[in-house]
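Working notes, structure below.
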Amino acid sequence: MPRVSVVLRTKDRPWFLARALRDIGAQTFRDLEVVVVDDGTDPAMTARVVEEAGLAAVRVVEPERPGRCAAANAGVAAASGDLLVLHDDDDLWEPVFLARCVAWLDARPEDIGVMTRTTIRYEAWQDGAWRQVGTAPFWADMQRISLTEMLQVNRAVPISFLYRRAAHEAVGGYDETLDAVEDWEFTLRLLVHHTIGFIPEPLAIWAQRPSAGAADANSMFALETEHRRDDAIVRDRALQEWIGRNGVGLPLMIAGEFAELRRELFARLTVELDRRHPLSALARRVVLAARRRRGTGR
């Protein structure tokens, strides 16, 4: 039984799958298995890519239902390791990622998992391959995995997170009612009762291709609408649960104060812009006058 199970999600991207398998094979930590979750690719093509990769412990499973979240849960169910990581086929690791993360969890049994700092890798299609054209740090100032900060916005990606199987025993699987943000919602449930460690070295690589379309696109671009919708769904569910126990009073007051703060801030910014840029103030008054004549008043 391996220590680590890498749950590798893929769909219609044999080029990325082959790259991901090569990258996993370059890890210095060797006590692992790879569970390839094929969410709709031609099975013969996937089998050929896996065979050509030549890794010792690779299995291919197909989820019973389509979708990113169902694929994640199918991979977790098929995995046998006591440590898990959710790997999307276009992302990458530094060769010591698994070794450093396993060592962290062995030394800190109180942590349910550990995340590393992440580098964004910008890619463009050049000479028949997706090649790196730039990099940037992802949340360069992050010092720890904080529930407070995670409530504001997701500050982690699955490729950076190795966690114990006990996490699923504690909070369940990935939420299959969501089409996106399933990793963020899972992390929030964990952080309510558990700690997640943080390794400050940039050992995970999140590949982004803003110009890509179809199967080669990133979910953050291709599923932008789904991300916004599911982000709101997760927040609404939590708010509904809180209001059901405590009433609407406090959220109603906070929402009103926030709206008033926005109005005050906008007014102050407008005054400052008018002082610095008189022509922009004149243009704004002309636009407002035209809207009033049309009867919109906005």
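Bear in mind these aren't lab numbers, they're just calculated from the coordinates by the rules spelled out. Being a predicted model, the structure only gives us computed values, none of them experimental. With ideal geometry, Cβ positions are generated from the backbone for all residues, glycine too; neighbour counts draw on all protein chains shown.
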For residue 165 paired with residue 107, estimate the spin-label separation in nm (one decimal), with each label point 7 Å from Cα along the Cα-to-Cβ line. 2.5 nm
Distance in nm between label sites at residue 177 and residue 189, each 7 Å beyond Cα in the beta-carbon direction? 1.1 nm
Can you find, among 16, 37, 72, the residue sitting farthest towards the positive end of the charge dipole of segment 4-242, where Lys and Arg contribute +1 and Asp and Glu -1 at Cβ? 16
If you put +1 on each Lys and Arg Cβ and -1 on each Asp and Glu Cβ, how big is the dipole of the chain around its Cα centre, in Debye rounded to 20? 1840 debye
What is the chain's relative contact order, in percent, from Cα pairs under 8 angstrom and six or more apart in sequence? 18 percent
What is the set of long-range amide H partners of residue 115 at a cut-off below 5 Å, with H atoms built 1.01 Å from backbone N? 197, 198, 199
Karplus-derived 3J(HN,Hα) from phi for segment 41-56 (6.51 cos²θ - 1.76 cosθ + 1.60, θ = phi - 60°), whole Hz, x at Gly and Pro, runs 6, 4, x, 5, 5, 4, 4, 5, 4, 5, 5, 5, 5, x, 7, 6
Note on segment 48-112: alpha-carbon gyration tensor, axes a ≥ b ≥ c; rule is a/c under 1.5 for rounded, else prolate if a/b larger than b/c, else oblate; result oblate
Residue-ordered couplings for segment 227-236, obtained by feeding phi - 60° into the Karplus form 6.51 cos²θ - 1.76 cosθ + 1.60 and rounding to whole Hz (Gly and Pro as x), are 4, 5, 5, 6, 4, 5, 4, 4, 5, 5
Length gained, residue 133-residue 229, 0.36 nm per residue minus C-alpha separation, equals 31.5 nm
In terms of the Cα gyration tensor, with a ≥ b ≥ c the square roots of its eigenvalues, is segment 4-242 rounded because a/c is under 1.5, prolate because a/b exceeds b/c, or oblate? rounded
Diffing segment 160-170: the Karplus 3J(HN,Hα) column from phi (6.51, -1.76, 1.60, θ = phi - 60°), in whole Hz with x for Gly and Pro, holds 9, 10, 9, 9, 7, 4, 4, 4, 6, 5, 7
Pop a pseudo-label 7 angstrom from the Cα along the beta-carbon direction at both residue 1 and residue 144 and give the gap in nm to one decimal. 3.3 nm
What are the residues whose amide H is under 5 Å from the amide H of residue 120, where those residues sit 5 or more places off or on another chain and H is modelled from the backbone? 136, 138, 206
Given a Förster distance of 35 Å, report the FRET efficiency between residue 236 and residue 26 from their Cβ-Cβ distance, rounded to the nearest 0.05. 0.25
Stretch residue 215-residue 153 to full length: gain in nm at 0.36 nm per residue minus the Cα-Cα span? 19.7 nm
